[in-house]
Amino acid sequence: MDGFYLCGLTLVAVAERCSVSPDAVEKALKRYDREAYMVERARRKQENGRRRRQKDQERKRTPEARKKDRERKRRERVEERTYVEAVREALRDLEVIDLLRRAAREAGVAEEQLACARYLPGAASVHHPCPGRAREAAEAMTPSEAGGRAEYEFRLIRGVMVGVPGPAVLLIREALDAGDLCLALRLAREAVLGAGFVNPFASVEDLRDGVTRTYLPEEVETLRESLVSAARAAAPVPEPPALHELTKGEKMKMARRWLAQARAAERDAERIWYGTCGGTGKIGKKGGLRSPERGEAMSGLIRG
């Protein structure tokens, strides 16, 4: 007990001097005075924590530690940014642009991939002119309707994607600073060959860890074809027969259906343009229907 409380020895040091295990020393101290042991243990933990914090502060005061800390924070900021922002900053360097142009001439890539290597901005977000809730139910769509809908949805997704060079473009500046022109040129060639479209919200860390990647222009077209084919195959309703394949009675029935749809559309247009209220009201001066309640309200407003 003198060694532990007075001399400040650890359990391991006391155990070595008594030729017992540290667990036996701890058990003996708890049996003698459990409260005093717990207080001393808490005090030592607090003291050790204070010493560790003090050593960390002394270590961070050195120039080398400050430099490493600044470099770590810079890397964290770069990795947390979106990949598009990092590429735009890298392409502000004229030397990097010159290397990309040289690599593009040597590689002989296609025009669309070359445009991506030069940064191809995405289009603004376009609102869907006919959202899903206003379209026909998915279980009632034919293959042509499902394919057309998948085609349009893919165009909306493709419109916001950004054309960028490959991830190697972020390492060109470091290679140039190190004086390794061959490495910088090889990285520029990899960036040009890896140029494609990327999600505008993907971060640098996402591309580094393989969560996402740049998609080549031909891969995007292949993806579109596969999505449209899958949508057409999943449509539950078969395609209607062509008009020349129908009988006379079926043709007349379809014509009457078209005529009813045209009349319904005409009534909707009249209600929108002439202010009619669902076919109720009286005939106005211009031939349209007007609600009696609306006329009464307007009359009271004019008289007042």
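Over the range 2-61, the reciprocal of the mean inverse Cα-Cα separation, the Kirkwood hydrodynamic radius, stands at 12.8 Å. With a Förster radius of 25 Å applied to the C-beta separation of Glu58 and Thr10, the computed FRET efficiency comes to 0.60.
Take the range 80-234, drop everything but the C-alpha atoms, weight them equally and run the Debye formula without solvent; then report log10 I(q)/I(0) at 0.11 Å⁻¹ to two decimals. So the normalised log intensities are -0.52.
Distance between the C-alpha centres of the range 16-91 and the range 192-265: 56 Å, rounded to the whole angstrom.
With a Förster radius of 30 Å applied to the C-beta separation of Glu250 and Glu221, the computed FRET efficiency comes to 0.15. Annotation: extensible slack from Ser229 through Arg92 equals 45.2 nm (criterion: 0.36 nm per residue apart, minus Cα-Cα distance).
Bear in mind that the values in this text are calculations on the coordinates, not laboratory data. Treat the numbers as computed from the prediction; the structure is a model and nothing was measured. Note that we place each Cβ from the backbone using ideal geometry, even for glycine, and neighbour counts take in every protein chain shown.
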